[in-house]
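Written below as structure tokens is the structure these notes are about.
The values are calculated or read from the model by the stated rules, or taken from the named source; none is laboratory data. Because the structure is predicted, anything quoted here is derived from the model rather than measured. Cβ sites come from the backbone with ideal geometry, for glycine too, and all protein chains shown count toward neighbours.
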Amino acid sequence: MEKEVFQNKKRINERIPVSLPVKLFCSNGHYSGIAMNVSKNGMYIKTGITLPAESNFHVCMPYNEDELKVPVKLVRLAETYGFFDAVGVEVLNPPEKYLEFVGGLMTAL
């Protein structure tokens, strides 16, 4: 059973389901995860581990033949059976390439 820890804000943009490998870069190291959905303003990422409660970090994801670095802010922790194993993040100042990526996903739906 999944439980949210931070208050859930109303979503401005439609979420797009994906299964995309990502890396999360925090001040104390980097972690792997799977982005489960994305939107122009955020992502939901399964990490399988409890991440540090750091508010700002970067998410790196594959984009074409390059890697896209996206600045994010932690807005939600998801708990499954007492274990925090997913995060909801808000994209800060979405890079143009990130918006192109999400726009491409939306047209593919």
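Descriptive notes on the structure:
- Number of positions in the range 44-89 that are touching a strand residue (DSSP E or B) at 6+ places or on another chain (Cβ under 9 Å) and assigned to a strand (DSSP E or B): 30
- Set side by side, the residues Leu77, Leu68, Leu105 differ, and just one is aliphatic (A, V, I, L, M) and over 19 Å from Val18 (Cβ atoms), which is Leu77.
- If you check Tyr81, Tyr63 for being at pLDDT below 95, in contact with a helix residue (DSSP H, G or I) (Cβ under 8 Å, 6 or more places away or on another chain) and aromatic (Phe, Trp, Tyr), only one passes: Tyr63.
- Tally, over the range 21-31, of residues that are surrounded by fewer than 17 Cβ atoms within 10 Å (Cβ to Cβ), modelled with pLDDT under 95 and part of a strand (DSSP E or B): 4
- Scope the range 1-20; condition touching a helix residue (DSSP H, G or I) at 6+ places or on another chain (Cβ under 8 Å) and modelled with pLDDT of 90 or more; matching residues: Ile16, Val18
- In this structure, Gly29 does not satisfy being within 13 Å of Ala86 (Cβ to Cβ) and of a type outside the set (A, V, I, L, M, F, W, C).
- Answer residue from the range 33-54, given it is modelled with pLDDT of 85 or more and farther than 16 Å from Leu68 by Cβ and is surrounded by the most Cβ atoms within 10 Å (Cβ to Cβ) among those: Tyr44
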